Amino acid sequence: MDNYEKMAKLIRRREGLSFQPYRCSSGKLTIGYGHNLDARGISLEVAELLLRQDMQIAYKQVKNTFAWWPKLTDARFFVLLDLVYNMGLGALFGFKKMLAALEEGDYETAAQELLDSRYARQVGQRAHENAAMLKSGEWMGE
């Protein structure tokens with residue numbers, strides 16, 4: 001596209017930048033520099049970029065929050081990352097017994113505590129796969 005930067009500069013100025021979705025003057029769900037989510041959604045490339053960014057945030061939160069994370073296998077670490085990714089770090093703190101069991105290395109109890117939760121009832125198979133990874137320390141569901 002010829003003159004892309006010149007055109008993009010004008011669109012940026014005219015549209016403004018919103019990091020949060022909002023309804024534009026015609027009622028369309030919009031984000032970024034006037035990107036109409038109702039009409040165009042997002043591309044696979046944007047979805048993959050968001051996945052990578054959100055996973056990096058969850059990864060850092062787990063590492064910065066739980067000093068005992070190094071003793072976990074990659075699969076067990078992933079379960080914490082997945083919980084943060086899915087629910088947020090604040091919600092993960094509600095799993096007090098599961099976290100205490102993980103810290104102690106009691107993976108059977110950790111798995112049971114995960115399954116004995118509203119989260120497990122809401123996400124079904126995802127929770128069962130996560131519980132199996134907590135219990136075994138091995139990857140599954142790939």
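The values are calculated or read from the model by the stated rules, or taken from the named source; none is laboratory data. Since the model is a prediction, treat every value here as computed from it, not as a measurement. All Cβ positions, glycine included, derive from the backbone under ideal geometry; neighbour counts span all protein chains shown. Heavy atoms of the whole protein, side chains included, go into the accessibility calculation; ligands, DNA and RNA do not. Shrake-Rupley method; radii C 1.70, N 1.55, O 1.52, S 1.80 Å.
Do any residues in segment 113-142 that are at pLDDT 95 or above have Cβ atoms under 6 Å from those of residues that are open to solvent by 100 Å² or more (accessible area, probe 1.4 Å) and assigned to a helix (DSSP H, G or I), where the two are at least six apart or on different chains, and which pairs are they?
Sorted first by the residue in segment 113-142, then by its partner, the pairs are GLU113/LYS97.
Which of the residues that make up segment 48-105 are in a helix (DSSP H, G or I) and of a type in the set (Phe, Trp, Tyr)?
TYR59, TRP69, PHE77, PHE78, TYR85
Suppose we filter segment 54-76 for residues that are hydrophobic (A, V, I, L, M, F, W, C) and buried (at least 16 other Cβ atoms within 10 Å of the Cβ); how many remain?
So the answer is 6.
Looking at (1) of a type in the set (Gly, Ala, Ser); (2) surrounded by 12 or more Cβ atoms within 10 Å (Cβ to Cβ); (3) out of contact with any Lys or Arg (no Cβ under 9 Å at 6 or more places or on another chain), which one does GLY34 not meet, given that it meets all the others?
(3)
Can you tell me which condition VAL79 does not meet? The list is (1) under 16 Å from the mean Cα position of the chain (by Cα); (2) surrounded by fewer than 17 Cβ atoms within 10 Å (Cβ to Cβ), and all the others hold.
Of (1) under 16 Å from the mean Cα position of the chain (by Cα); (2) surrounded by fewer than 17 Cβ atoms within 10 Å (Cβ to Cβ), only one is false for VAL79: (2).
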